[in-house]
1. In the stretch 102-143, how many are away from the ligand (no atom under 16 Å from the Cβ), in a loop (DSSP other than H, G, I, E, B) and not basic (Lys, Arg)?
2. Only one residue in Ala111, Ala79 is in contact with a Gly (Cβ under 9 Å, 6 or more places away or on another chain) and buried (at least 21 other Cβ atoms within 10 Å of the Cβ). Which one?
3. Return the residue satisfying two criteria in turn: it lies in the stretch 82-98 and is among the β-branched types (Val, Ile, Thr) and open to solvent by 40 Å² or more (accessible area, probe 1.4 Å), and of such residues it is farthest from Ala232 (Cα to Cα).
4. Out of Ser177, Ser127, Ser117, Ser156, report the one residue that is in contact with a His (Cβ under 9 Å, 6 or more places away or on another chain) and over 18 Å from Ala37 (Cα atoms).
5. Considering only residues that are over 20 Å from Glu121 (Cα atoms) and either surrounded by 15 or more Cβ atoms within 10 Å (Cβ to Cβ) or in contact (Cβ under 8 Å) with a residue 12 or more places away in the chain (or both), which ones fall in the stretch 48-74?
Amino acid sequence: MRYLILSDIHANLEALEAVLADAAGAYDRIACCGDLAGYGADPNAVCDWARASLHAVVRGNHDRACASLVHANWFNERAQAAAAWTHATLTPVNLAFLGNLRPGPVAIEEAQLAHGSPLDEDEYVLSEWDVARIAARCGEGVYFIGHSHLQGGFLSDAKGVRRLPRPVSGEDERRFSLPPGRLYLINCGAVGQPRDGDPRAAYAIYLPENREVCLRRTVYDITKAQEKIRKAGLPGSLADRLAAGR
Ligand code: ZN
């Protein structure tokens with residue numbers, strides 16, 4: 001079984017459609033590390049697709065906040081505005097779908113999905129120090145994560161913590177194998193709002209039989225996604241940041 005692993009779609013339908021087209025033929029099932037909604041202008045289209053298409057999914061902090069605005073209290077102003085707009089825009093079916101999503105980790109074959117870290121759905125895994133602390137609790141294993149919107153991630157073994165390779169400017173993909181006996185925290189990157197300076201939509205292909213992962217990027221119609229955000233009356237900076245990938 002081959003898996004398309006997505007995270008942080010954030011109601012960006014143009015980015016999602018581009019990823020599905022780019023990955024066509026390379027996967028059998030789709031899994032998502034959370035944040036289907038929030039920020040973008042198409043939460044219903046993305047949730048309709050998710051309900052019909054996802055084999056496995058975990059809850060993101062924006063899914064939780066869009067479903068129940070109580071959880072948006074600690075967001076910054078523009079994220080709060082987006083959560084309120086999304087909450088008011090979602091159909092009852094999609095509101096219930098987001099509200100019923102469960103936190104990770106959730107297993108897909110030998111790997112696990114989580115939004116933030118394996119230990120805390122709200123934790124950002126950003127540094128070697130973060131990974132060392134998680135490794136002390138989790139031991140070895142393969143985890144797909146999101147939340148930071150930074151594609152790449154880390155591995156940890158007896159030699160310490162290292163960063164995993166990721167496609168950089170001019171590259172469409174980076175492929176690597178997953179020798180056993182290590183902890184892998186693989187960030188598939190954000191489909192709908194990348195923050196690593198590369199505005200292209202990010203995703204991963206996971207091949208459990210080969211113990212192999214491919215991190216990929218693809219261009220999408222950023223202008224159209226921006227226009228929808230502005231037309232919806234969402235904060236303009238949410239449109240601007242898509243072009244910068246920040
Ligand atoms: Zn997110």
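1. Going through the stretch 102-143, the residues away from the ligand (no atom under 16 Å from the Cβ) turn out to be 102, 105-112, 118-119, 127-143.
Remaining after also requiring in a loop (DSSP other than H, G, I, E, B): 102, 105, 109-110, 118-119, 127, 139-140.
Still in the list and also not basic (Lys, Arg): 105, 109-110, 118-119, 127, 139-140.
The number of residues fulfilling the criteria is 8.
2. On the way: Ala79 fails: buried (at least 21 other Cβ atoms within 10 Å of the Cβ).
After applying the criteria, what remains is Ala111.
3. Quick first cut of the stretch 82-98, residues among the β-branched types (Val, Ile, Thr) only: 86, 89, 91, 93.
Restricting the remaining residues to those that are open to solvent by 40 Å² or more (accessible area, probe 1.4 Å) gives 89, 91, 93.
Details: Thr89: 10, Thr91: 16, Val93: 21 Å.
Among residues in the stretch 82-98 that are among the β-branched types (Val, Ile, Thr) and open to solvent by 40 Å² or more (accessible area, probe 1.4 Å), the one farthest from Ala232 (Cα to Cα) is Val93.
4. Working: Ser177 fails: in contact with a His (Cβ under 9 Å, 6 or more places away or on another chain); Ser127 fails: in contact with a His (Cβ under 9 Å, 6 or more places away or on another chain); Ser156 fails: in contact with a His (Cβ under 9 Å, 6 or more places away or on another chain).
None of the others qualify; the one that does is Ser117.
5. If we filter the stretch 48-74 for residues that are over 20 Å from Glu121 (Cα atoms), which is where we start, we get 48-49, 51-53.
Answer for the stretch 48-74, where residues must be over 20 Å from Glu121 (Cα atoms) and either surrounded by 15 or more Cβ atoms within 10 Å (Cβ to Cβ) or in contact (Cβ under 8 Å) with a residue 12 or more places away in the chain (or both): Asp48, Trp49, Arg51, Ser53.
So that you can scan it fast, the table gives a plain yes or no per residue for (1) more than 16 Å from the ligand (Cβ to nearest atom); (2) within 21 Å of Glu109 (Cα to Cα); (3) aliphatic (A, V, I, L, M):
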position	(1), (2), (3)
Pro199	no, no, no
Ala204	no, yes, yes
Leu207	yes, yes, yes
Arg211	yes, yes, no
Leu215	yes, yes, yes
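The values are calculated or read from the model by the stated rules, or taken from the named source; none is laboratory data. The shown structure was predicted, so the numbers you read here are calculated from the model rather than taken from an experiment. Heads up, the Cβs are rebuilt from the backbone with ideal geometry, glycines too, and the neighbour counts pull from every protein chain shown. Keep in mind that these areas ignore ligands, DNA and RNA; they rest on the heavy atoms of the full protein, side chains included. Shrake-Rupley method; radii C 1.70, N 1.55, O 1.52, S 1.80 Å.
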